[in-house]
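Structure, as structure tokens:
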Amino acid sequence: MAARRSPVTRAQRRALWPWILVVVSAAIASATAWFFIAGPGAPTVVPAVVGKPVVAAESALRTAHLDATRRESFSETVAKGVVISSTPKATEEVRRGTAVTLVVSKGPERYAVPTLAGTSLAEATDRITGANLVLGKVTEKFDEKVAEGQVIASEPKAGTSLKRGTAVALTVSKGREPITVENFTGKPLAAAKAALGKAGLVVEVSGEENSDTVPAGSIIRQEPAGGTLFKGDKVTVVTSKGPVLVTIPGGLIGKQFIEVKGTLEGLGFTVRERQAIPGINFGTVQGLNPPEGSQQPKGSEIVVTTV
């Protein structure tokens, strides 16, 4: 059977208290010394990290027993991913474990010009402002392919990187350009084709007709004869074949003037008598000018020589 320990007397406990206090005080002093000399409370100096890549800066902070937090900011002078500044600053003495905020460059603040061609002016404006840019000068011009009111192009063009607040100019379509139609009635077909073709219109001849007033090869009618059209539209014309040609019949020489005159006037000619020997005339037809058998415009004058 184990021997019983004799109880510690009160006097003995009183005698132990000073020693216990000494041990506890020594432990507290030792822990305090460790905390402030080698532990988390020990002092350290913030290393110089400005201008370093963020990964290298964080590594330097860890070596100095400091924690790193990141905050990004645009910079026109510091490359992307490089430290712009630190808080606390370099060489400042801080406790180990202190959080050091690193401001890291996102590079220059740039925004791409959005795609604007084919959109309305209102939509293009919304896209520009949504990209942190501003609407610049708006120029209108005619365009054969882009509908009226839609954006033809931007300056700078889509995809260009710009600083915040940079103006983007737009060219907006006024639609197809109207072409004034010149009236070529009574004028040569060749002149109409040259002028209207140069203006972007197509001249189409729909037929030919005889005309006593419009020369052959010129235009009798034009549709439309005025107003406006658009590039590629047609102008339809009817051209003149000149007056109707009538053949002077043969067998008139030797006949009496009265009979020949009636025949020629019946064919639409006008007749003038020329007496070969004035005062001595029997009214017998000696010749015609133009001659028998020739074709002449209806209404032409035929000079009949009589003897």
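Every read-out reported here was derived from the displayed coordinates using simple, explicitly stated rules and does not represent laboratory data. These numbers were taken from a predicted model, which means no experiment stands behind them. Using ideal geometry, Cβ is built from the backbone for each residue, glycine included, and neighbour counts are taken over all protein chains shown.
Points worth noting:
- For segment 150-251, the residue among Val238, Gly175, Ala194 whose Cα projects farthest onto the positive side of the dipole built from Cβ charges is Gly175.
- C-alpha long axis of helix 54-63 to longest principal axis of the chain, angle in °: 0 degrees
- Convex hull volume of segment 187-240 per residue (C-alpha atoms, cubic angstrom): 61 Å³
- Here the alpha carbons of segment 207-307 define both size measures, Rg and Dmax, at 20.6, 71 Å.
- The Cα-based radius of gyration and maximum Cα-Cα distance (Dmax) for segment 102-259 are 30.8, 127 Å.
- Beta-bridge orientation, segment 88-240: approximately 50 percent antiparallel, per DSSP, counting only bridges with both partners inside.
- Taking every DSSP helix (H) stretch of at least 4 residues in the chain, weighting each as -39,500 (n - 2.57) and dividing the sum by the residue count yields a mean residue ellipticity at 222 nm of -7000 deg cm²/dmol.
- q = 0.14, 0.15 Å⁻¹, segment 42-184: log10 I(q)/I(0) [Debye, one scatterer per Cα]: -0.72, -0.76
- As a ratio to 2.2 N^0.38 Å, the alpha-carbon radius of gyration computed for segment 167-206 takes the value 1.80.
- Across Asn132, Asn210, Asn281, mean-square fluctuation computed from a Gaussian network of the chain (C-alpha pairs under 10 Å connected) peaks at Asn281.
- Ellipsoid equivalent to the chain - semi-axes via the Cα gyration tensor, in Å: 123, 17, 12
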